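Here is the structure we will look at.
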Amino acid sequence: MILAQIKTYAKKALRTIAIGYKDLSHDPANPKFDNPDGEPVKDMEKEGFTLLAILGIEDTVRSEVPQAVADVQKAGVTVRMVTGDNVDTAKAIAV
């Protein structure tokens, strides 16, 4: 269900952000997430979160981009998009 929602947002060219929380407390029996010295806790993001929401945010293409792409294509330059976005988000933005 979560992945389906992310895919729905991505196909609409929306970037997704997940919001969640994890309770952290001192637990002598499980020191994995104990952080008494205020130092970063290694790997704390890997498990135990409660998902609150998935948001889809719009990051619109700047108005000058379509014309710039058309201009360089007309000049014979092959345009490639390089991104770290979800592949469906990248496709929707490219269109």
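The values are calculated or read from the model by the stated rules, or taken from the named source; none is laboratory data. Every value quoted in this text rests on a predicted model; they were computed, and no experiment measured them. Cβ placement follows ideal geometry from the backbone for every residue including glycine, while neighbour counts extend to all protein chains displayed.
Hey, does segment 17-31 have a residue that's of a type in the set (S, T, Y), on the phi < 0 side of the Ramachandran plot and at pLDDT below 90?
yes
In segment 63-86, what count of residues is obtained for those that are in a helix (DSSP H, G or I) and surrounded by 10 or more Cβ atoms within 10 Å (Cβ to Cβ)?
Selection size over segment 63-86: 8.
When the residues of segment 35-73 are narrowed to those that are at pLDDT 80 or above and among the small types (G, A, S), which ends up nearest to A13 (Cα to Cα)?
Only one residue tops the list, namely G56.
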